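Here is the structure we will look at.
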Amino acid sequence: MIVTKIKRYIGISFLVLFIGSTVAFKSNFFEIAKQLEIYTTLFKELNMYYIDEVNPAELNELAMKSMLKSLDPYTNFYDEQGIEDVRIKRSGEYGGIGAYTHYKDKHLYILEPYKDAPAAVAGLKAGDEILEIDDIILKDYEGENTGRMLRGTPDTFVQLKILRQGKERIISVKRSKIEMNPVPFYSMVDAEVGYIAFVKFNKKASKEVKKAIYDLKDHGMKKLILDIRGNPGGLLNEAVSITNMFIPKDKVVVTTKSKVKKWSNTYKTRNEPLDLDIPIVVLVNGRSASASEIVSGSLQDYDRAVIMGERSFGKGLVQRYRKLVYGAQMKLTISKYYTPSGRCIQELDYTNREEYEIPKFSDGEVTTFKTVNGRKVTDGGGVLPDVQIEKPKTLNLTKNLFASDALFNYVTDYYYKNPTIPEPSQFKLSDVVYSSFKEYVLTHNDDFKTISEQQFDEAIEKANDDGYGTKIKAEYSLFMDAVAQEKVAQLDANKEEIKDRLTEEIVKRYYYEEGVYQQKLAFDPSIVKATSLLHNEKKYLKLLK
């Protein structure tokens, strides 16, 4: 009976997964049916005869996710709880304590309590480890979704036992409605230039951008910096609406092309613009993707803004959610999108991927297109800025550092040793602090280990197993010290980028995200350069013509 239910569940799941459109798959229906039958019989035999008990749901989900992962990183399966995460991301609101958390090795940490949110009001700090949520002891809890237990109906309480600087304490937090504003900061840079930081394309995006524009105009804004660095994208319609604020009605913003005809569309501006004349600089970087590239690419094609910064990420693919059975959903890539000039800025060629390498379109022959004013732009490899801001290449070592706990843990230590810092517009990280960070990395090597160091550790463990590890232990320690010294020395190749990350994390501890932007407004080289360009009308117009 159990096997029959499993078989029915697997069959339904994969039929929905593979045969979402009967018309599209008529030609290979037999092959699909054949593979489904092989899978269900395999699963049946596995469930009946494998020596240990198997969890059908976990095993099937792993199989589905592995299959989808082989296509592209954007095609994914979501169970019911995963769908709730998607809803929050798209709507920009949920009930909870208002804190960004991180789960690692059965430990849950507060990375950032949001300003004025319940977590901050109750006194939670970045770096706090949550030991218990109500009556649940997290070290005994199996699963990575512990952060979801902090969510709940507004006005309900959650009791937390936390560990801070070696001391345990109990904190009760009253949940509330948390709204994630896609525009976390906007301000006047000077008497004429306005600045808007825009970090995601959720359902509130165009509304909040419009609100910021009107407010800045009331404060005298005559020129605009739109900062979409690090913006990973989101809802396509919101990208069209934001572009519409600066170009006329009935203009093409983006075209999508799919193998399913009804999903191929041309998206045009529907409303009268807010301002057709205001000079604009759009800031982008390598983490500006998808909807961010629709906005920057279309404004570039219409010569409506100067794009400044680094080449964008290069995501020219569109996804759509499809409902499956039992409340599950799948997000799958359904089309490629094209900017008004006709270019697709997709960088990675997933169709021709090999086992360990994905080809780049920009490495091949690119096609040249023209903007409205006749400027040359190319496809593949993201949006190339009109004004490029060069920076040293980020080493893999530096990427590993940013992915480790070293920077966060150092700043936690720094925060408790320094009760105050200057206000954000006056704070600039000194070389003394940077040097102390490098010393911290040396003395806390477990916080930041490279792949080679991990492999060396594995080698000495095997040597111990073979019985001769103790004989080389002293030499090994000297060798690993030398490796650590060289590792830290090489970080200087990305010194400024590391200092920028340290600055952000330190300022955030004292002044929240708002303080980070206030500091950037005073010292960020890209914002300074964009402001200078906007004050040079002749140079600005020359770039567009």
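The values are calculated or read from the model by the stated rules, or taken from the named source; none is laboratory data. All figures in this text were calculated on a predicted structure; none of them were measured in a lab. For neighbour counting, all protein chains shown are included, and Cβ atoms are generated from backbone atoms with ideal geometry for every residue, glycine included.
Sort out which residues of the stretch 87-101 are in a helix (DSSP H, G or I) and touching a Leu at 6+ places or on another chain (Cβ under 9 Å), and write them in order of number.
Of the residues in the stretch 87-101, the ones in a helix (DSSP H, G or I) are 87-91.
Across the stretch 87-101, the qualifying residue is only R90.
Between A530, A463, which is among the small types (G, A, S) and at pLDDT 90 or above? Steps first, answer last, please.
Values: A463 fails: at pLDDT 90 or above.
Sole residue among the options that is among the small types (G, A, S) and at pLDDT 90 or above: A530.
Is it the case that R148 is over 30 Å from I280 (Cα atoms), in contact (Cβ under 8 Å) with a residue 60 or more places away in the chain and charged (D, E, K, R)?
Working: over 30 Å from I280 (Cα atoms): yes; in contact (Cβ under 8 Å) with a residue 60 or more places away in the chain: yes; charged (D, E, K, R): yes.
Spelling it out, R148 is indeed over 30 Å from I280 (Cα atoms), in contact (Cβ under 8 Å) with a residue 60 or more places away in the chain and charged (D, E, K, R).
(1) in contact (Cβ under 8 Å) with a residue 60 or more places away in the chain; (2) not assigned by TED's automatic domain parsing to the domain that holds G316: which one isn't true of E192, the others all being true?
The failed condition is (2).
For (1) of a type in the set (K, R); (2) closer than 20 Å to V372 by Cβ, each residue gets a yes or a no:
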position	(1), (2)
K211	yes, no
H219	no, no
L236	no, no
I242	no, yes
E272	no, yes
D275	no, yes
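Please determine whether any residue of the stretch 101-119 is under 29 Å from L324 (Cα atoms), outside the structural domain of A406 (by TED's automatic domain parsing) and of a type in the set (S, T, Y). Spell out the reasoning first.
The initial filter retains those residues of the stretch 101-119 that are under 29 Å from L324 (Cα atoms), namely 103.
Checking the rest, the ones that are also outside the structural domain of A406 (by TED's automatic domain parsing) come to 103.
This time we only want the ones that are of a type in the set (S, T, Y), so: 103.
Checked against the condition, which is being under 29 Å from L324 (Cα atoms), outside the structural domain of A406 (by TED's automatic domain parsing) and of a type in the set (S, T, Y), the stretch 101-119 yields at least one hit.
Need at least 2 residues that are among the aromatic types (F, W, Y) per element, so show me which helices (runs of 4 or more DSSP H) inside the stretch 463-540 make the cut, counting only ones lying wholly within it. Walk me through it before giving the result.
On the way: elements: 473-490, 495-523, 525-534.
Output list reads 473-490, 495-523.
Yes or no: L138 closer than 26 Å to P184 by Cα and in contact (Cβ under 8 Å) with a residue 24 or more places away in the chain? I'd like the intermediate steps shown before the answer.
Details: closer than 26 Å to P184 by Cα: no; in contact (Cβ under 8 Å) with a residue 24 or more places away in the chain: yes.
It is false that L138 is closer than 26 Å to P184 by Cα and in contact (Cβ under 8 Å) with a residue 24 or more places away in the chain.
Those residues that are in a loop (DSSP other than H, G, I, E, B) and closer than 11 Å to V507 by Cα, I need them from the stretch 413-433; list them, please.
Let us first name the residues in the stretch 413-433 that are in a loop (DSSP other than H, G, I, E, B), namely 418-423, 427-430.
Within the stretch 413-433, T420, I421, P422, E423, F427, K428, L429 meet the criteria.
Which members of the stretch 174-189 meet the condition of being in contact (Cβ under 8 Å) with a residue 40 or more places away in the chain and out of contact with any Gly (no Cβ under 9 Å at 6 or more places or on another chain)? Before you say what the answer is, go through the steps one by one.
Initially, the stretch 174-189 is screened for residues in contact (Cβ under 8 Å) with a residue 40 or more places away in the chain, giving 174-182, 184-185, 187, 189.
Selection gives K174, P184, F185, V189.
Quickly run through the stretch 102-131 and pick out the residues that are part of a loop (DSSP other than H, G, I, E, B) and of a type in the set (G, A, S).
Residues of the stretch 102-131 part of a loop (DSSP other than H, G, I, E, B): 105-106, 114-117, 123-128.
Of everything in the stretch 102-131, those that are part of a loop (DSSP other than H, G, I, E, B) and of a type in the set (G, A, S) turn out to be A117, G123, A126, G127.
For the stretch 252-297, please list each of the strands (runs of 3 or more DSSP E) lying entirely inside it that holds at least 1 residues being touching a residue at least 40 places away in the same chain (Cβ under 8 Å), out of contact with any Pro (no Cβ under 6 Å at 6 or more places or on another chain) and of a type in the set (S, T, N, Q).
Numbers: elements: 252-258, 265-268, 280-284.
Hits in the stretch 252-297: 252-258.
For the stretch 258-267, state whether one or more residues are closer than 18 Å to S206 by Cα and assigned by TED's automatic domain parsing to the domain that holds P385.
Here is the first cut: in the stretch 258-267, the residues closer than 18 Å to S206 by Cα are 267.
Within this subset, residues satisfying the condition of being assigned by TED's automatic domain parsing to the domain that holds P385 are 267.
Yes, the conditions are met somewhere in the stretch 258-267.
Would you confirm whether or not the stretch 309-332 contains a residue that is closer than 30 Å to V433 by Cβ and either assigned to a strand (DSSP E or B) or not polar (S, T, N, Q) (or both)?
Initial filter on the stretch 309-332 (closer than 30 Å to V433 by Cβ): 309-310.
Next cut, either assigned to a strand (DSSP E or B) or not polar (S, T, N, Q) (or both) only: 309-310.
Yes.
Could you tell me whether V199 is hydrophobic (A, V, I, L, M, F, W, C) and touching a helix residue (DSSP H, G or I) at 6+ places or on another chain (Cβ under 8 Å)? Full working, then the answer.
On the way: hydrophobic (A, V, I, L, M, F, W, C): yes; touching a helix residue (DSSP H, G or I) at 6+ places or on another chain (Cβ under 8 Å): no.
Spelling it out, it is not the case that V199 is hydrophobic (A, V, I, L, M, F, W, C) and touching a helix residue (DSSP H, G or I) at 6+ places or on another chain (Cβ under 8 Å).
State yes or no: is A482 more than 24 Å from S430 (Cβ to Cβ), modelled with pLDDT under 80 and either surrounded by 14 or more Cβ atoms within 10 Å (Cβ to Cβ) or over 30 Å from the mean Cα position of the chain (by Cα) (or both)?
Details: more than 24 Å from S430 (Cβ to Cβ): yes; modelled with pLDDT under 80: no; either surrounded by 14 or more Cβ atoms within 10 Å (Cβ to Cβ) or over 30 Å from the mean Cα position of the chain (by Cα) (or both): yes.
So A482 does not fit the description; no.
Within the stretch 214-233, does at least one residue satisfy the condition of being of a type in the set (S, T, Y) and loosely packed, with under 15 Cβ neighbours inside 10 Å?
Of the stretch 214-233, the ones of a type in the set (S, T, Y) are 214.
Narrowing the set further to residues that are loosely packed, with under 15 Cβ neighbours inside 10 Å leaves 214.
Among the residues of the stretch 214-233, at least one is of a type in the set (S, T, Y) and loosely packed, with under 15 Cβ neighbours inside 10 Å, which makes the answer yes.
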